[in-house]
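Right, one structure below, let's go through it.
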Amino acid sequence: MLYQEKHRPQLHFTPKENWINDPNGLVYYEGEYHLFYQYNPHGNDHANMNWGHATSKDLYHWEEHGVALAPDELGTIFSGSAVADKNNTSGLFESDSGGLVAIFTHDGASQQQSIAYSEDKGRTWIKYEGNPVIPNTEIKDFRDPKVSWHEESKQWVMVLACGDHIQFYSSPNLIDWTYLSSFGKEYPSYIGVWECPDLLYLPVEDSSKKEWVLIVSINADGPNGGSAVYYFTGSFDGKEFHPNETPKDELKWADAGKDFYAAVSWDNTKDTYWIGWMNNWQYAGVVPVSPWRSAMSLARKLSLFEKDGSLLLKQEAIIADNSKEEVSYKDVTIQPDETESYEISNTAQVDLQISKTSNSTKWGVQFVTDQGEAFRLVIDKQSDAYTFYRNEGIIDFSEDFPEEVKGSLNGLDVQALKAIVDKSSVELFLNDGLTVSTNLIYPKGAVTKLEIFAVNEALKVDNVSWTNLHSIWK
């Protein structure tokens with residue numbers, strides 16, 4: 001049955017069939033969230049890049065619309081963004097109320113930036129006859145334009161990935177672009193190339209402040225190998241980005257899991273939301289699924305949290321109210337080397353609130369299938385680290401699909417844990433999303449149990465709850 005295949009995600013967007021990767025053109029317009037994405041309409045591998053298209057009313061349930069932008073004489077359609085040109089700054093629209101403008105990379109003899117516009121809420125697109133709007137003959141990697149309106153300087157600002165650095169451009173009309181500055185050559189990109197940048201202005205929790213955040217996806221050399229997303233906090237004056245971090249500082253990973261990449265934000269929203277590609281370039285082409293290949297992460301609401309003078313990215317998973325049932329237990333104590341077990345479904349949200357009086361410094365949860373497979377998360381306070389074990393299920397399709405995924409707890413004692421379990425993934429949000437880890441799994445069975453365990457001293461849990469979730473396809 002459609003959308004019911006063995007490992008088909010039930011809580012995450014996937015196309016009906018064929019390959020997808022980076023989210024593109026994210027924009028909210030007239031009651032719809034638009035999700036465009038890299039799409040191969042002809043097969044299950046990374047080739048023939050078009051923009052696919054889906055829309056949502058709630059960032060959770062999606063309707064697929066098919067191809068939005070197709071290749072032409074300038075090349076295939078690589079990643080980019082879209083904006084609501086509400087004041088018709090481009091002059092491309094007959095109405096003063098404007099419409100949608102997409103800014104994307106044409107990948108041909110070289111990578112160049114082009115635009116297209118839509119007057120019917122993104123259903124059909126007209127490519128600008130003067131494309132490319134930013135030509136290029138010199139830089140090999142010159143792609144993934146992310147555009148937003150900078151209110152302070154009253155101009156459109158573009159961040160563009162250029163191999164080992166980011167370039168900034170400005171425009172009054174989305175057509176005529178002026179180079180502003182560059183950032184990042186002083187930061188080591190190791191073996192990776194910088195991709196899919198974004199420039200965000202986010203509120204700092206528990207304050208009236210907002211700060212600028214520059215997002216960079218790097219392929220490869222992520223914290224667990226392969227592709228990943230990191231970020232810089234700092235200031236932006238309409239021309240230059242000035243980071244708080246120095247090149248000697250440890251990089252801040254937005255998601256230290258193995259399978260979160262190319263994340264970018266929606267334009268034209270009051271709060272800031274983003275979504276990422278839930279895969280890793282090390283093995284994306286061989287993950288054991290069909291007739292689709294790859295999924296998007298859950299959408300997430302973004303903010304900042306200040307800790308010891310440093311700013312941490314905070315991510316809150318967006319899940320619509322579609323629960324089958326909710327179960328909750330209060331005041332649970334788990335003794336060392338003991339386990340509490342609960343029955344859950346293989347599409348569920350799990351929440352734990354750890355007591356402030358709990359003495360356990362090493363504890364965890366695991367998701368167990370009806371075939372005895374266990375996908376385990378271990379929290380180790382003394383090491384300021386977590387480990388997610390995915391050493392069961394189908395793992396032999398790639399030597400780069402690691403059995404253990406590790407990450408930092410950012411110096412925080414874990415008081416809250418949220419896990420979103422789907423047919424082929426687990427998204428982990430620790431401390432309300434200050435530590436996030438997204439990881440694919442391919443169980444042979446179906447998850448049926450949540451187990452909580454303590455390794456050393458007793459673990460005191462104020463509240464254990466889970467919600468078994470309906471499929472978004474029903």
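Readers should treat all values here as calculations from the given coordinates under stated rules, not as data from a laboratory. Everything numeric in this text was worked out from a predicted model, so none of it was measured. We place every Cβ from the backbone using ideal geometry, glycine too, and count neighbours over all the protein chains shown.
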Contour minus end-to-end for residue 5 and residue 465, with contour as 0.36 nm per residue of separation and end-to-end as the Cα-Cα distance?
162.8 nm
How big is the shadow of the Cα convex hull of the range 49-146, averaged over all directions, in nm²?
6.8 nm²
The range 301-353: proportion of alpha-carbon pairs further apart than 17 angstrom, %:
62 percent
Order of 8, 123, 293 under a 10 Å beta carbon neighbour criterion, fewest first
123, 8, 293
To the nearest 0.05, what FRET efficiency results for residue 129 and residue 416 with a Förster distance of 60 Å applied to their C-beta separation?
0.70
Quick one: what does P(r) look like for the range 257-354 with 5 Å bins over all Cα pairs, in whole %?
2, 8, 13, 14, 15, 17, 15, 10, 3, 1, 0
Between the modelled labels at residue 286 and residue 400 (7 Å from Cα along Cα→Cβ) the distance in nm is 1.0 nm
Largest first and to the nearest Å, give the Cα extent of the chain along each principal axis.
68, 52, 40
Filter the chymotrypsin sites (Phe, Trp or Tyr not before Pro) in the range 350-425 down to the DSSP loop ones having no more than 15 other Cβ atoms within 10 Å, then list what survives.
397
If you rank 305, 13 by fewest surrounding Cβ atoms within 10 Å, what's the result?
305, 13
According to a simple spin-label model (label point 7 Å from Cα along Cα-to-Cβ), what is the distance in nm between residue 86 and residue 239?
2.8 nm
Cα to Cα, under 19 Å, and not fewer than 8 places away if on the same chain: which aspartates and glutamates meet these conditions relative to residue 406?
221, 250, 255, 259, 380, 384, 392, 427, 432
What lysines does residue 444 reach when the alpha-carbon gap must be under 17 Å and sequence neighbours fewer than 8 apart in one chain are set aside?
6, 423
Given a Förster radius of 22 Å and the C-beta distance between residue 185 and residue 385 as r, what FRET efficiency does 1/(1 + (r/R0)^6) yield to the nearest 0.05?
0.10
Theoretical FRET efficiency, 1/(1+(r/R0)^6), r = Cβ-Cβ of residue 67 and residue 210, R0 51 Å, to 0.05
0.85
Treating only the Cβ of Lys, Arg, Asp and Glu as charged (+1, +1, -1, -1), what charge dipole size does the range 18-317 show about its Cα centre? Round to the nearest 20 debye.
300 debye
Pulled fully out, how much extra length does the chain show between residue 432 and residue 357, if you take 0.36 nm times their separation in residues and subtract their Cα-Cα distance?
25.1 nm
State, in angstrom, two size descriptors of the range 145-244 derived from its alpha carbons: Rg to one decimal place and Dmax to the nearest whole number.
14.0, 41
